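The values are calculated or read from the model by the stated rules, or taken from the named source; none is laboratory data. Since the structure is predicted, the reported quantities are computational estimates derived from the model, not experimental observations. Cβ placement follows ideal geometry from the backbone for every residue including glycine, while neighbour counts extend to all protein chains displayed.
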Amino acid sequence: MSQVNFKYLTPYFKDKKVFITGHTGFKGAWLTQVLARMGAKIYGYSLDSEQDQLFDLVDGDFLCERSTLEDINDLEYLEECLVDCAPDFIFHLAAQSLVLESYNNPLKTFETNTYGTAIILEMVRKLDNPCTVLMVTTDKVYENLEEKRAFTESDKLGGHDPYSASKAACEIIIDSYRKSFFNNADYDEHKKSIASVRAGNVIGGGDYAANRIVPDIIRAISKNDEIELRNPQATRPWQHVLEPLGAYLLLATKMVDEPRKYNQAYNIGPDADDVLSVEELTSLAIGILGKGKYNSVKTEGQPYEANFLALDNSQIKEDIGWEPKWSAHDAIKVTFGWYNAKGEADVKCLLQIQEYFGKIKA
């Protein structure tokens, strides 16, 4: 079992100031809930969530010490918020995170993801206090030659679509800042630890984004429509959203204890042999939900998406002792169980947070 648990983590985050970019997004809303349960003082900075997204459903504003709804590229306002907060931790999640949207708006994707990352790192330089920083990228940062093997952190970066390319560029920017301004040799002067985390395909309850498989399934079934699969045989490292969040939090604690040791990139995902195709995920979802049909859709001029994607997670296992707790089948069961369950979103999330991290006080 993973070492990720509240008993271990809470002393590191209780009453600490945590700055989260992208806190209104799907993953950010889950992270906000987890940290709030630990007693962290959360300072969120993000664009406003779309109506009826998870952040609003769980009353995310109430969980934050301060929730700022502004563009990550607003340098002056971001600097004011970040320097005023003087955070102990920064989790940079803000991004344009959809592959298909990156084809529609490549310039906005590069601006938000690449320039936004550089802005955050530049603002970190202005902080006088010690700070632990986790920069979230993606499993899609690697040059994917469809060799059907799991990527390691030392593999060549690349990106066919603008989203993947923007995130690969983020990794280069992060490494440049780490070497130029946050070098381990000078830690006593700058007091900043910077790690990047490359998470696999994240699923979980409360995701309502367009052009992502789980919300696409939920929307289709709710309308009694057939689920349309663009690339049914594509395989992905599916993991429940709490898996990478648990890894981020555990890694952050290790960085606090040994601030010079973990300043690098880490893959976070299920074991390399625990991957499923889009069609397999959809079939499992239909079985859990008790209804639904799907068909394969191939349209002319459909944008390219990788067919095979898997991560080698051995580095983070070795360095910090993290391991996946839920298999891909478990993640799918928990995810669609969330949508199937009755009750308020915050209650459903809390029950799954308790299940993943162990029983905690509400």
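A few points about this structure:
- Any hit, segment 282-291, residues being buried (at least 19 other Cβ atoms within 10 Å of the Cβ), more than 20 Å from Val141 (Cα to Cα), touching a strand residue (DSSP E or B) at 6+ places or on another chain (Cβ under 6 Å) and at pLDDT 90 or above: yes
- For segment 97-107, the set of residues classified as touching a helix residue (DSSP H, G or I) at 6+ places or on another chain (Cβ under 6 Å) and either crowded, with 19+ Cβ neighbours inside 10 Å or among the hydrophobic types (A, V, I, L, M, F, W, C) (or both) consists of Val99, Ser102, listed by residue number.
- Residue in segment 1-60 that is farthest from Cys81 (Cα to Cα), counting only those that are touching a His at 6+ places or on another chain (Cβ under 8 Å) and among the polar types (S, T, N, Q): Thr32
- Restricting Ala36, Ala94 to residues that are assigned to a loop (DSSP other than H, G, I, E, B), under 19 Å from the mean Cα position of the chain (by Cα) and hydrophobic (A, V, I, L, M, F, W, C) narrows the list to Ala94.
- Top-ranked residue of segment 11-25 - restricted to ones that are part of a loop (DSSP other than H, G, I, E, B) and in contact with a strand residue (DSSP E or B) (Cβ under 8 Å, 6 or more places away or on another chain), ranked as surrounded by the fewest Cβ atoms within 10 Å (Cβ to Cβ): Asp15
- Answer from Asp15, Asp56, Asp48, Asp61 - the residue that is among the charged types (D, E, K, R), free of Cβ contacts under 8 Å to residues at least 40 places away in the same chain and in contact with a Leu (Cβ under 6 Å, 6 or more places away or on another chain): Asp48
- Qualifying residue in segment 40-47 (condition: modelled with pLDDT under 95, within 19 Å of the chain's Cα centre (by Cα), within 30 Å of Pro162 (Cβ to Cβ) and of a type in the set (A, V, I, L, M)): yes
- Failed criterion for Ile119 (all others in (1) of a type in the set (Val, Ile, Thr); (2) closer than 29 Å to Ala306 by Cα; (3) touching a residue at least 24 places away in the same chain (Cβ under 8 Å) hold): (2)
- Among the residues of segment 61-117, those identified as among the small types (Gly, Ala, Ser) and more than 21 Å from Trp30 (Cα to Cα) are Ala86, Ser102, Gly116.
- Residue identified as assigned to a helix (DSSP H, G or I), crowded, with 23+ Cβ neighbours inside 10 Å and touching a strand residue (DSSP E or B) at 6+ places or on another chain (Cβ under 9 Å) among Gly28, Gly44: Gly28
- Against the conditions (1) modelled with pLDDT under 95; (2) closer than 24 Å to Leu245 by Cβ, Glu147 satisfies every one except (2).
- Within segment 166-189, restricting attention to residues that are free of Cβ contacts under 8 Å to residues at least 12 places away in the same chain and under 15 Å from Met255 (Cα atoms), the residue that is nearest to the chain's Cα centre (by Cα) is Asn183.
- Flag for Asp319 being crowded, with 16+ Cβ neighbours inside 10 Å, touching a residue at least 60 places away in the same chain (Cβ under 8 Å) and charged (D, E, K, R): no
- Taken together, Phe89, Phe110, Phe62 contain a single residue that is buried (at least 20 other Cβ atoms within 10 Å of the Cβ) and of a type in the set (Phe, Trp, Tyr), which is Phe89.
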